[in-house]
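Each remark here refers to the structure printed beneath this line.
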Amino acid sequence: MSVTLLTETDSAIQRAASAVIENVEKVVVGKRDTIELVVVALLCEGHVLLEDVPGVGKTLLSKTVAQTLACEFRRIQFTSDLLPSDVTGLNVFNQKEQDFRFIPGPLMANIVLADEINRATPRTQACLLEAMQERQVTVDGETRPLPRPFMVMATQNPIEQEGTFPLPEAQLDRFLLTLRPGYPSAAEEEEILTRFADHDPLDDVAGIASANELIELQAMRRQIHVGDDVRNYLVSLVRATRDDNRIRLGASPRASQNLFAAAQAYAALQGRDFVVPDDVQKLAVPVLAHRLVLGIDATLGGQSKEAMIADLLRTIPVPVD
C-alpha cells in the first residue's frame, strides 16, 4: 500500500479539527480524548451518547462544541411528560388565514442536546429515530428535512434508575459513539475552580467554523483510504461479536459502517490519509459496546461489554502490512 502523510485532504481536516479541539478546551478542562471523539462524530455526522453521572460537564461540552462551530443549538430537557410533538414540532391552525402553520420543534437545529434522554417515555424516545437515521421528521403525514449538518448529543445518568426508561436497542444502534467523560483529576478540578471563578469562559468562546465548512470536511473524510486488510480486520471484529456465545445480540451492519467512518475520521485527526488497525482498535469500544446485548450467564457473571470487546481484539489477528 502506497501512502503519504498530510495530503491536502487530511491536512485540512487535521488543521480544522485541531482548531476546534483547542477552542473547546478553553472551556472544558481535561477531556482531550472525549473532545477528539466528539469531533470524530462531527466528521461522520454521527450522534453521541454521553453516559455519566451528573456534574461532569456533559451539557457544557455540548454547548461549547455548538458555539465553536457557530451552529444552531437547541437543548431538550427530556421528562416523563414530554410529548413527541414537543420535540419534532406541530401544526397549528391559523384562524386568520384559515390554514395550518407548522411550528418547528427544537429538533430543527444543527446540534441538539437531548438531556437525560432516558427520562422520556419510549414513545417520545422513538420520535428521534427518524431524525437520527433519515435526517428528517414526519408531522401529520408531511416529511420535513432537518438542517445540515445535524447531530444529536444525548446524555443519561447510568446510576439513577427510578423514573427512567432504558433506551431500546434500535435507539442505541443510531448512536455512533457512547462516551463516558469521567471525573477530573485533582489538578484538573483545581483548574476548573480557577477557570470558572470570575466568569463563565463559555461566554468568550467564538465560532471558528461554519456549518458549510463542516459539511465540506465531512465530504473530505470519505476520501481517507481504507485498505483491504484493514477493512477485513474491521469486518472480522464486528462479526466476532455475533459469534461469541457470551453475547446474545452482536453488532449490526450499521455498526460496521459507523466503525469504518469513525476510523477514517480518527486517522485524519492523526494527520494520515489512510486508516491503520490502531484506529479501529481505538474506536472499537465507543462504537460497538453500547450495541451489544449480553447473554444471561455473562450478565449474571458481571462481565462487561468493554471487556468482551477487549478479548475479541486480542484474539483477532492484526494485519501487519
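Computed from the coordinates by the stated procedures, all read-outs in this text should not be read as laboratory data. Everything quoted here is computed from the prediction, not taken from an experiment. Backbone-built Cβ (ideal geometry, glycine too); neighbour counts: all protein chains shown.
Seen from all sides and averaged, what is the projected area of the convex hull of the Cα atoms in the range 20-109, in nm²?
Working: hull surface 32.2 nm².
That works out to 8.0 nm².
Have a look at the DSSP beta bridges in the range 8-223 and tell me what percent are antiparallel, nearest 5.
40 percent
Given the DSSP H assignment, sum -39500 (n - 2.57) over each helix run of at least 4 residues in the chain and divide by its residue total; what's the result at 222 nm in deg cm²/dmol, nearest 500? Working shown, then result.
On the way: 13 runs with 145 residues, N = 321.
Only helices count here, giving -13500 deg cm²/dmol.
Return the long-range amide H neighbours of residue 113 (sequence gap of 5 or more, or a different chain), with a cut-off of under 5 Å between placed amide H atoms.
74, 75, 76, 153
Just to compare against my own numbers: the Cα pair-distance distribution for the chain, 10 Å bins, whole % per bin, please.
Going out from 0 Å in 10 Å bins, the chain shows 6, 24, 32, 26, 10, 2, 0, 0 percent.
Based on the Cβ-Cβ distance from residue 270 to residue 191, what FRET efficiency comes out when R0 is 22 Å, to the nearest 0.05?
0.25
Give me the extension gain from residue 103 to residue 231: residue separation times 0.36 nm, minus the current Cα-Cα distance, reported in nm with one decimal. Please report the intermediate quantities before stating the final value.
Values: separation 128, 0.36 × 128 = 46.08 nm, distance 4.46 nm.
Length difference between fully extended and current span is 41.6 nm.
Between residue 90 and residue 299, what length in nm is gained on full extension when 0.36 nm per residue of separation is reduced by their alpha carbon distance?
On the way: separation 209, 0.36 × 209 = 75.24 nm, distance 4.18 nm.
So the chain would gain 71.1 nm between residue 90 and residue 299.
Going by amide H atoms built from the backbone, whose H comes under 5 Å of the H on residue 70, apart from near neighbours?
Answer set, sorted by chain and number: 208, 209.
Starting from the 7 Å offset along Cα-to-Cβ, what nm value, one decimal, do you get for the label separation of residue 239 and residue 213?
4.2 nm
What's the ranking of 97-109, 190-202 by average number of surrounding C-beta atoms within 10 Å, highest first?
Top of the packing list down: 97-109, 190-202.
Where the only charges are on Cβ atoms (+1 Lys, Arg; -1 Asp, Glu), what is the dipole of the chain about its Cα centre, to the nearest 20 debye?
Result for the chain is approximately 700 debye, rounded to the nearest 20.
State the number of lysine pairs found in the chain whose Cα atoms come within less than 29 Å, restricting to pairs 8 or more positions apart or on distinct chains.
Close lysine pairs found across the chain: 11.
Mind listing the phi-derived Karplus ³J(HN,Hα) values for the range 254-264, rounded to whole Hz, using 6.51, -1.76 and 1.60 with θ = phi - 60°, and x for any glycine or proline?
For the range 254-264, the Karplus-derived couplings read 4, 5, 4, 4, 5, 5, 4, 5, 5, 5, 4 Hz, x marking Gly and Pro.
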